[in-house]
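K.L.:
Take a look at the following structure, please.
What follows draws every value from the coordinates through simple rules; no lab data is involved. Please read all numbers here as calculations on a predicted model, not as lab measurements. Note that we place each Cβ from the backbone using ideal geometry, even for glycine, and neighbour counts take in every protein chain shown.
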Amino acid sequence: MNNSERISSGIEGLDVLLQGGMIKNSINSIVGSSGTGKTTFALAYVYQGLLEGDHILYLSFEEPPSKLMLEAESLGIKIKEIAKNHDDLIHLVESEKIVEFMTNILPALAQKLKHKNLKHTRIILDPLTPILWEFPSEKDQRKVLTKIYHHLSSLGTVLQTVEEPNAFGQTDIGSIETRVPIYLSDSVVHIQNLGLGGKYNRTCKIVKSRRTAHHEGIYPLSFSYGPGIVIDTSTIKDNIKNLPSQDFRYIELMQKVKAMSKDKDPKKRIIAQIANNLLGDRQKNETKDNLELVNALTDPQILQEVRK
Ligand SMILES: Nc1ncnc2c1ncn2[C@@H]1O[C@H](COP(=O)(O)OP(=O)(O)O)[C@@H](O)[C@H]1O
Ligand SMILES: [Mg+2]
């Protein structure tokens, strides 16, 4: 097999960002705080797999299959319509069985299936977080996950979701709850609900993707009936020549953000932190995507929010 063969993620915009999709037999993480859309990503990934005739092994560590099917339906992801037997798609692993499941059952199952020479399988671990809680030390997490990934990636392409334990609008992707899975993943997509309102209320960014010259920007994300999630990559096609460091609005905005980060009002400091997360080192890393972000952050609606 060509070791850079890609599969579609099921989200058009994400495929654009990832140069066509995920690399076959790789480990991919969707990281975000609660309600950002991780499970919706996973459901779109399943739907795409069904369209392509892949096997699906969806391991849910939280929600029962019936609930996940209802969520898919509410967003127009038609898994039920095309799956021959949708009862077999999603398996709930209860918390008291997680350790036994991860350390023994799953590697044995993967080993067995591997020799059956099945077609490509899409494996979903949603969310990985309860497994991490069972192995509090990073050393143990690394040991267990490395073993699991070794077996699962020989079967197919893994998509795992990871809870980012932060308050609304804040972010710390390097937290203890996310560090090991991010470190071991081939690709990491960070989704956020920034609470800024407008186009950049929810965003998506590729943190890493091995063997991929991926796009570096922060892109608007929204929920939509049909695909489930839409990532707006329209700025990529634009040929904007102005670079942010030459753009007076960018310079002005960053001065404002800097002043605000020292404000007595904690609310202003939080907004400054969000703005800085979005734009902070963009100046060094000049891309055409930045101008779109500057436009978004100088949007009157957002500025009004900042002034509050
Ligand atoms: N039918 C819908 N229309 C619009 N937004 C929806 C719909 N269903 C879910 N959402 C949004 O998706 C969020 C939950 O997405 P989910 O994928 O379960 O997040 P996560 O797995 O990250 O916790 C909800 O909080 C809501 O904002
Ligand atoms: Mg979820």
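K.L.:
Between Asp263 and Glu62, with labels modelled 7 Å along Cα→Cβ, what's the label distance in nm to one decimal, could you check?
P.N.:
3.2
K.L.:
Find, among the trypsin sites (Lys or Arg not before Pro) in the stretch 59-162, those assigned to loop by DSSP (not H, G, I, E, B) with at most 10 other beta-carbon atoms within 10 angstrom.
P.N.:
Passing both the DSSP loop test and the Cβ count: Lys84, Lys116, Lys119.
K.L.:
Then there's this: Count neighbours as other Cβ atoms within 10 Å of each site's Cβ, and list the GluC sites (Glu not before Pro) in the stretch 138-240 that are DSSP loop with at most 16 such neighbours.
P.N.:
Answer by residue number: Glu216.
K.L.:
Let me know the charge dipole size of the stretch 6-236 about its Cα centre in debye, to the nearest 20, where only the beta-carbon of Lys, Arg (+1) and Asp, Glu (-1) is charged.
P.N.:
With only Lys, Arg, Asp and Glu charged at Cβ, the dipole is about 820 debye.
K.L.:
Select from Asn25, Thr178, Gly198 the residue farthest towards the positive end of the dipole of the stretch 6-236; place +1 on Cβ of Lys and Arg, -1 on Cβ of Asp and Glu, and compute about the Cα centre.
P.N.:
About the Cα centre, the residue reaching furthest to the positive side is Asn25.
K.L.:
A further question on this structure: Do any GluC sites (Glu not before Pro) in the stretch 1-54 lie in a loop, going by DSSP, with at most 15 other beta-carbon atoms within 10 Å of their beta carbon, and if so which?
P.N.:
Glu5, Glu52
K.L.:
Could you line up Phe41, Phe135 from fewest to most neighbouring Cβ atoms inside 10 Å?
P.N.:
Least to most surrounded, the residues fall as Phe135, Phe41.
K.L.:
Using θ = phi - 60° and the Karplus curve 6.51 cos²θ - 1.76 cosθ + 1.60, what whole-Hz ³J(HN,Hα) does each residue of the stretch 257-273 get, with Gly and Pro shown as x?
P.N.:
So the J values, rounded to whole Hz, are 5, 5, 5, 5, 5, 9, 5, 5, 6, x, 4, 5, 5, 5, 4, 4, 5.
K.L.:
Could you tell me the calculated FRET efficiency between Val99 and Ser234, based on Cβ-Cβ distance and R0 = 45 angstrom, to the nearest 0.05?
P.N.:
0.50
K.L.:
Let me ask something else. Any idea how far the Cα center of the stretch 183-227 sits from the one of the stretch 119-144, in Å?
P.N.:
21
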